[in-house]
1. Which of (1) at pLDDT below 85; (2) in a loop (DSSP other than H, G, I, E, B) is the odd one out, the single condition residue B:232 does not satisfy?
2. Between A:505, A:566, which is touching a residue at least 60 places away in the same chain (Cβ under 8 Å) and part of a helix (DSSP H, G or I)?
3. Taking the stated definitions as given, is residue A:202 within 11 Å of another protein chain (Cβ to nearest Cβ), assigned to a helix (DSSP H, G or I) and in contact with a helix residue (DSSP H, G or I) (Cβ under 9 Å, 6 or more places away or on another chain)?
4. Going by what's in this entry, would residue B:128 be described as within 14 Å of another protein chain (Cβ to nearest Cβ), more than 22 Å from residue B:157 (Cβ to Cβ) and surrounded by fewer than 18 Cβ atoms within 10 Å (Cβ to Cβ)?
5. Taking the stretch A:455-466, which residues are surrounded by 21 or more Cβ atoms within 10 Å (Cβ to Cβ) and in a helix (DSSP H, G or I)?
6. Are any of the residues in the stretch B:99-107 at pLDDT 65 or above, within 14 Å of another protein chain (Cβ to nearest Cβ) and either under 20 Å from residue B:174 (Cβ atoms) or touching a strand residue (DSSP E or B) at 6+ places or on another chain (Cβ under 7 Å) (or both)?
7. Taking into account only those residues within the stretch A:129-159 that are away from every other protein chain (no Cβ under 12 Å) and within 28 Å of the chain's Cα centre (by Cα), which is nearest to residue B:178 (Cα to Cα)?
8. Against the definition (assigned to a helix (DSSP H, G or I), farther than 30 Å from residue A:569 by Cβ and more than 10 Å from every other protein chain (Cβ to nearest Cβ)), how does residue A:209 come out, yes or no?
């Protein structure tokens, strides 16, 4: 009988909100969202150019002071308010609703170009089923007397990427034509995204088991294979040898901070959407720490096979260079075959230089230096589509490796796309624009269809230049601004005391000092510094791009060109659009309040509380 | 005894291929050593690790090529070890005989007159690299050499046969002035990627259709269930008891009987 007197039960009201099948699905979705293409092709590059193992120091410091606190903040916010980004920020304060709208706009912009990168991956994937791989041989020219000129002057992999895949134009102002093969692949990619997100997290939750776990399997396979390749140890030693002098360069610290920030996919609204489908009494603190650490560990884990393969490629290129020199010498001096081997090459060269210097000079031998080959560092699409594909040709069984590699990249990108699409989808479901009776399938179909149509611009000849612009401007500065306002909004508008209470209600533990200090002071300060440094660096660098122009006299080097003014205007627009949502929405609300009478509730932050959202009494705003 | 100067001269003249063979007056081969090189050593196939000991840098063996007819002579370079690895055979006089026979065969096939004999093909300046020069003479026309263009055409026509006689390829049996025609790459009738793409697309479309149809069916079922439940609730509502105008479920029926301020009665008494 006494049991009847217990206080109102803490079982949350069944509000019909979809939820995760189990905790593991939720964690896996967050990890899949965070772990993306950047872990494979940006982190190893940064490690390499910023002093190898020494880069880990600023990286982990940034993780500790910036990554984990911001991640915890977003997850806690979404879990507490149980709404997508727009609804959540509207709830915190109508004046901060712009933060949610900004996140939503960024998610849209990023989804558009991110899926086009996946299109390229898919194109390479379906071309990997051929024997020989199409990027391993140059096609013949028109009258079959030699190889195609563009291919011959650069390399077969470059030719396949720039000509056969992108069909790139020499200038961003030249649009070129729509590439039908890319359109087909783009349609397929959007169809796959639609298939997986058709009912929101019901379907992504199932798909994530495959797309989040499969890349780890492939990375392990590549790790084992990569370590057995000749030259792998050179690559790894080169990657991990710490060079502490680089830490004096502030650029390194900036890169570490931005890498952590973008790698965890903060400020997209996707994480808020994911955690909003959680049960309210969920330990978001542990989740945040788990996701952040798994993300960083994955970056480290991925750099090992990447660098083994790069070391293998550098060693093979070095051996090729030596072999070519040896062949020239043998042919020139009519020495018996195999009289000069790689091992005694240097002693032979010194001997011949002393005895017949003019002949050696006449041969114009290239100097072969392993360090030089290792120093050729690439990141981004260049790493995956040019450098790695070249390395794959050299491995035995290249079709299998190519297929595995591109499926892995596709899964990595797809799981990040789920987060992006959720960041777009969830707020739309909650806005009053969409009526309750429209099925989710229709809404997700409309989103995918509209995105596909807009993304057709990226399949033009100049498409990859535009993707670089989107990546550089839409996917960077606005996120920093939004994250800054997120922290300030929660800590100073919603008030950290209230938020601490909410988090304590959710996790069952009091917020410890680490969270208090980082949320209140360190993270906002760090974000401000990073933002200013980042903008300053972008302004210092002239807005130029590297164009692939076969008619350039320095071909196959890329031609540095400056963006024309109208393109620069678009860049500024892309960066400013999500950021201006914040003041615009605040202004809009201010005007709305001024119009209404003064006694209506100004900001519901005082009234609203996390526990209140999850108990039986209705939310005052609804 | 050849001087260093002589050795250098010999190497210089062979470089660039301007003049096939060394200066006049070297009727017989002599053992050559150079003052700058280490004391006579036998050239070995692979130099011992570390110091190179090329006692004879590409010394040419007999016979020497004649001075004239540079444009009708062709240099051949053979890389047996590269092609065959462990199964490499040594290049000796028998192989040279076979080569002469193949060239004569090529000439016969090309010009369809059976006048070229093996003795018409002259090899000279055979080096350890295995490279040498050859000319084809025409015994019917006063020991003149056959024009280079004819020889080139003959070799081109029969390149395959010559290569296979030596188990070599275009790259390992090089005629330095004769370029090989490139074979066209194999192109399948339908591009393979279209097939793969078609398969993938069909699977995806099937998945989407399945999910949409199942969604519609679930929706319909839910609608049917909810209308059924509504009908049921309407019936039930009639029998709901009312007390003071409020349905009973809302009321906490025990509220009036036990005072929640005091601890529950059970606790005042020690349990049995």
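1. (2)
2. A:505
3. Working: within 11 Å of another protein chain (Cβ to nearest Cβ): yes; assigned to a helix (DSSP H, G or I): yes; in contact with a helix residue (DSSP H, G or I) (Cβ under 9 Å, 6 or more places away or on another chain): yes.
Answer is yes for this residue.
4. Details: within 14 Å of another protein chain (Cβ to nearest Cβ): yes; more than 22 Å from residue B:157 (Cβ to Cβ): yes; surrounded by fewer than 18 Cβ atoms within 10 Å (Cβ to Cβ): no.
So residue B:128 does not fit the description; no.
5. Within the stretch A:455-466, A:455, A:458, A:459, A:463, A:464, A:465 qualify.
6. Checked the stretch B:99-107: no residue is at pLDDT 65 or above, within 14 Å of another protein chain (Cβ to nearest Cβ) and either under 20 Å from residue B:174 (Cβ atoms) or touching a strand residue (DSSP E or B) at 6+ places or on another chain (Cβ under 7 Å) (or both).
7. Checked the stretch A:129-159; the qualifying residue nearest to residue B:178 (Cα to Cα) is A:155.
8. yes
The values are calculated or read from the model by the stated rules, or taken from the named source; none is laboratory data. Please read all numbers here as calculations on a predicted model, not as lab measurements. Cβ atoms come from the backbone with ideal geometry, glycine included; neighbour counts cover every protein chain shown.
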